[in-house]
Structures are given as structure tokens and as C-alpha cells.
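S.K.: Below: one structure in C-alpha cells.
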Amino acid sequence: MLTANISTTSATTPGFYPVTLTDDNGTATFAVGLGVDNGPQVTTVAGNSGTVAGANSTVSVTGTFLNNSVVSIEPVTGSVAPTLVAGSTF
């Protein structure tokens, strides 16, 4: 087995890319060897502050390719994260 590390940026064009292997015996190409998809990209988070034991706050997340996305809030090590209110939608 061979392993290749790849890197993509937001400028990478989505689609399939050929993967080519070359060794002492020649070259072989798999035409659709690597697929790159448009994943969600967050551009802004607004309303991103609140108070301890305060009223519910609304946080708006905007970006691209957010269809059917789910928001989660992860605690910083050693802390307790706020919880999402039922009915949050995107």
C-alpha cells in the first residue's frame, strides 16, 4: 500500500481528479481516483456572546454549503459549554 498526503484550499475546484502511479514497470492512472467536494464553510458567526445564567441568545451562522448542517458547541477544556435550545434550525 502507498500513502499520499493531499492538501486542498477553498480555491480548489470541486470534482474528480486522476491519480497516477509510476514505478519501474511503468505508469497507471485511475481517472476518478480522488473526489473533492464543496464542504460547508463558515464565514461569520453573529450574536456570539452571552451571560452566565442569562436569557437565551440567538446566534446566526452564515457561510456557503450549509444545507442540512448541524451546529454544535464544544466546551473549552475544563469548562462547561452552553446548550442549544430545541428548535434551532438552519
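The values are calculated or read from the model by the stated rules, or taken from the named source; none is laboratory data. Quantities reported herein were computed from a predicted structural model and do not represent experimental measurements. Neighbour counts run over all protein chains shown; Cβ positions are idealised from the backbone, glycine included.
S.K.: Mind listing whichever residues of region 29-60 are touching a Gly at 6+ places or on another chain (Cβ under 7 Å), surrounded by 10 or more Cβ atoms within 10 Å (Cβ to Cβ) and over 19 Å from G15 (Cα atoms)?
M.R.: V42, S57, V59, S60
S.K.: Check region 37-54 and report whether any residue there is more than 19 Å from the chain's Cα centre (by Cα), on the phi > 0 side of the Ramachandran plot and at pLDDT below 80. Can you show your working first?
M.R.: Start the filter on region 37-54 by keeping residues that are more than 19 Å from the chain's Cα centre (by Cα), which leaves 47-54.
From what's left, on the phi > 0 side of the Ramachandran plot: 47, 53.
Filter once more, so that each one left must be at pLDDT below 80: 47, 53.
Yes, that holds for at least one residue.
S.K.: If you don't mind, another one. Considering every residue within region 8-28, establish whether at least one is among the aliphatic types (A, V, I, L, M), loosely packed, with under 10 Cβ neighbours inside 10 Å, outside any strand (DSSP E or B) and within 21 Å of the chain's Cα centre (by Cα).
M.R.: Yes: region 8-28 contains one or more residues that are among the aliphatic types (A, V, I, L, M), loosely packed, with under 10 Cβ neighbours inside 10 Å, outside any strand (DSSP E or B) and within 21 Å of the chain's Cα centre (by Cα).
S.K.: When you check G63 against the structure, is it loosely packed, with under 10 Cβ neighbours inside 10 Å and part of a strand (DSSP E or B), yes or no?
M.R.: no
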